[in-house]
Amino acid sequence: MQILFLGVGDACDPEHGNTSVHVTTAGQLHVLFDCGFTTPHTYFRDCIDPDQLDILWISHFHGDHFFGTPLLLLRFREMGRTKPLVIAGQSGIAETVSAVMDLAYPRFFSKLTFDLLYREIEPGRGHELNQVDFRTVETDHSQRNLGLLIDDGAHRFYYSGDGRPTGEVVSLVKDCDLVVHEAFRLNDEVRYHGSVAGCLKLAAQSHLKRLALVHLDRSFRRNRGDALAGILAEHPCVTFPVDGSEVVL
């Protein structure tokens, strides 16, 4: 399994793109996790095959996690994509994507050269696509957010989207090969957002093999380099990836 961090920043970070991850599974299934304002330009910087992407996963409906979807679809159309694209998320995914598309590019759907296949993957109802298991869990966020775990038979990968981990998250990610989790600040001072301390607790409770912390508050990332360096020294399983970082499991 290959993981490429297209962006690791918060909504307004001028130095890092919105948090988004491109995962290629053992069976060559390509999954894009979230598609914020900056994601399409970063994705298409290296993508020359419009039919490469199989699934777009949207964790929740805040702009920095899905407002890039209209541009993603527009660019695919310009590149001549023909393969259907699966757009997966929580209940209401089809209606919400359709609404934002109509605002961005009215009457765009009639011009698409490929089909959109919507999949709702709610907690407690697993889903299998291309021999990869998809399971979701609700996190503690200001807007309903679903974390997603995928299992391709060789490795298990979890992407949190936004929000603090819940007890259900602890159970789902047990012994996970890599967890990519939002950690907005050092401690839990910001309601409905994850923290470094909370994620370290999750790593210990769930015996995580690797933990990548993303979506850091831009001022915290800029001003607390000493704290981040100390965490890396004390916790070998933890990384703070930057835009363009890659991990191979």
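Kindly provide the set of residues from the range 203-242 that are in contact with a Gly (Cβ under 9 Å, 6 or more places away or on another chain) and open to solvent by less than 60 Å² (accessible area, probe 1.4 Å), ordered by number.
Leu213, Val214, His215, Leu216, Arg221
Can you tell me which residues in the range 129-143 are modelled with pLDDT under 95 and open to solvent by 60 Å² or more (accessible area, probe 1.4 Å)?
Asn130, Gln131
Mind listing whichever residues of the range 200-249 are touching a His at 6+ places or on another chain (Cβ under 9 Å) and among the charged types (D, E, K, R)?
Residues satisfying the conditions are Asp217, Arg218, Arg221, Asp243.
Could you list all residues from the range 5-50 that are open to solvent by 10 Å² or more (accessible area, probe 1.4 Å) and under 11 Å from the mean Cα position of the chain (by Cα)?
Leu6, His22
Taking Leu73 and the conditions (1) exposed (fewer than 15 other Cβ atoms within 10 Å of the Cβ); (2) under 19 Å from Phe33 (Cβ atoms); (3) at pLDDT 95 or above, which numbered condition does it fall short on, given that it satisfies the others?
Looking at each condition in turn, Leu73 falls short on (1).
Quick check: is even one residue across the range 150-157 of a type in the set (Lys, Arg) and assigned to a loop (DSSP other than H, G, I, E, B)?
no
What is the residue count in the range 86-129 for residues that are under 19 Å from the mean Cα position of the chain (by Cα), small (Gly, Ala, Ser) and more than 17 Å from Phe66 (Cα to Cα)?
1
Mind listing whichever residues of the range 179-194 are surrounded by fewer than 23 Cβ atoms within 10 Å (Cβ to Cβ) and either under 12 Å from Ala212 (Cα atoms) or among the basic types (Lys, Arg) (or both)?
Once the filter is applied, which keeps residues that are surrounded by fewer than 23 Cβ atoms within 10 Å (Cβ to Cβ) and either under 12 Å from Ala212 (Cα atoms) or among the basic types (Lys, Arg) (or both), the range 179-194 yields Arg185, Arg191.
Within the range 144-164, work out how many residues are within 24 Å of His62 (Cα to Cα) and open to solvent by 40 Å² or more (accessible area, probe 1.4 Å).
Selection size over the range 144-164: 2.
Looking at (1) more than 26 Å from Arg156 (Cα to Cα); (2) in contact (Cβ under 8 Å) with a residue 24 or more places away in the chain; (3) open to solvent by 10 Å² or more (accessible area, probe 1.4 Å), find the lone condition where Arg81 falls short.
(3)
The values are calculated or read from the model by the stated rules, or taken from the named source; none is laboratory data. Everything numeric here is computed off the predicted structure, so don't read it as measured data. Note: ideal-geometry Cβ built from the backbone for every residue, glycine included; neighbour counts use all protein chains shown. Heads up: the accessible areas ignore ligands, DNA and RNA and are worked out on the full protein's heavy atoms, side chains in. Shrake-Rupley method; radii C 1.70, N 1.55, O 1.52, S 1.80 Å.
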